[in-house]
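Visitor: The structure is given below, and queries will be raised subsequently.
The values are calculated or read from the model by the stated rules, or taken from the named source; none is laboratory data. For clarity, every value in this text was computed on a predicted model and none was experimentally measured. Cβ placement follows ideal geometry from the backbone for every residue including glycine, while neighbour counts extend to all protein chains displayed.
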Amino acid sequence: MRRDMDLIRELMLKLESVPRKPGIVEELSAGEGEMIFEGYSSDEIDYHLNLIVEAGFLATHGMMMSGAVLFDRLTWAGHDFVDSVRSPEVWAKTKKGAEAAGGFTVDLLKDLAKGFIKKQIEEYTGVKL
């Protein structure tokens with residue numbers, strides 16, 4: 001299965017937005033509750049949830065036999081990723097830049113997105129970062 005960065009972005013934005021109480025572990029299963037995404041199968045969602053865990057973007061308490069992820073919270077790196085790709089405009093520029101380069105990693109995508117955000121801040125404030 002190919003990694004789909006649009007799905008990873010959507011999953012991360014969704015996980016950040018789900019109202020939760022600190023310390024409460026939630027079972028995340030593809031195709032249930034907040035884990036339904038139009039155009040994606042349960043297998044694709046499960047696969048990408050596991051990639052997000054492997055990337056260190058989620059603090060978890062492991063996985064269930066069913067494949068569900070026991071979600072605790074986003075990690076610092078997870079919040080940084082979401083903050084860097086939150087803007088649809090920045091995300092579109094980031095994807096276009098990565099595609100023009102012919103490849104990318106999650107870290108490069110995040111760095112590219114942060115570069116676009118940095119440029120916007122400099123244009124908005126006039127302060128060179």
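Visitor: If a residue has to be part of a helix (DSSP H, G or I) and either within 14 Å of the chain's Cα centre (by Cα) or among the charged types (D, E, K, R) (or both) to count, how many in segment 99-115 make the cut?
Guide: Going through segment 99-115 one residue at a time, the tally reaches 9.
Visitor: Something else now. Return a yes/no flag: does segment 36-55 have any residue that is more than 20 Å from GLY23 (Cβ to Cβ) and touching a Lys or Arg at 6+ places or on another chain (Cβ under 7 Å).
Guide: Yes.
Visitor: Looking at the structure I just gave you, is THR60 touching a strand residue (DSSP E or B) at 6+ places or on another chain (Cβ under 8 Å), under 26 Å from VAL25 (Cβ atoms), among the hydroxyl-bearing types (Ser, Thr, Tyr) and at pLDDT below 85?
Guide: Against the criterion (touching a strand residue (DSSP E or B) at 6+ places or on another chain (Cβ under 8 Å), under 26 Å from VAL25 (Cβ atoms), among the hydroxyl-bearing types (Ser, Thr, Tyr) and at pLDDT below 85), THR60 qualifies.
Visitor: Test PHE116 against the stated conditions and say whether it is at pLDDT 75 or above, crowded, with 16+ Cβ neighbours inside 10 Å and over 28 Å from ARG20 (Cα atoms).
Guide: Yes; evaluated as a whole, the condition is true for this residue.
Visitor: Just to be sure before I move on: is PHE116 in the same structural domain as VAL18 (by TED's automatic domain parsing) and in contact (Cβ under 8 Å) with a residue 24 or more places away in the chain in the structure I sent?
Guide: no
Visitor: Does segment 76-89 contain at least one residue that is more than 15 Å from the chain's Cα centre (by Cα) and closer than 17 Å to MET5 by Cα?
Guide: Yes - at least one qualifying residue is present in segment 76-89.
Visitor: In addition: What single numbered condition from (1) surrounded by 13 or more Cβ atoms within 10 Å (Cβ to Cβ); (2) over 20 Å from LYS95 (Cβ atoms) fails to hold for PHE37?
Guide: Every condition holds for PHE37 apart from (2).
Visitor: Same structure again: So, of the residues in segment 8-43 that are of a type in the set (D, E, K, R) and closer than 13 Å to ALA59 by Cα, which turns out to be nearest to the chain's Cα centre (by Cα)?
Guide: This residue is GLU16.
Visitor: Output the number of the condition that ALA55 fails; it satisfies all remaining conditions of (1) surrounded by 14 or more Cβ atoms within 10 Å (Cβ to Cβ); (2) over 30 Å from LYS128 (Cβ atoms); (3) of a type in the set (Gly, Ala, Ser); (4) touching a Ser or Thr at 6+ places or on another chain (Cβ under 9 Å).
Guide: Condition (4) is where ALA55 drops out.
Visitor: Of the conditions (1) surrounded by 15 or more Cβ atoms within 10 Å (Cβ to Cβ); (2) within 18 Å of ARG2 (Cα to Cα), GLY102 satisfies every one except a single condition; which number is it?
Guide: Condition not satisfied by GLY102: (1).
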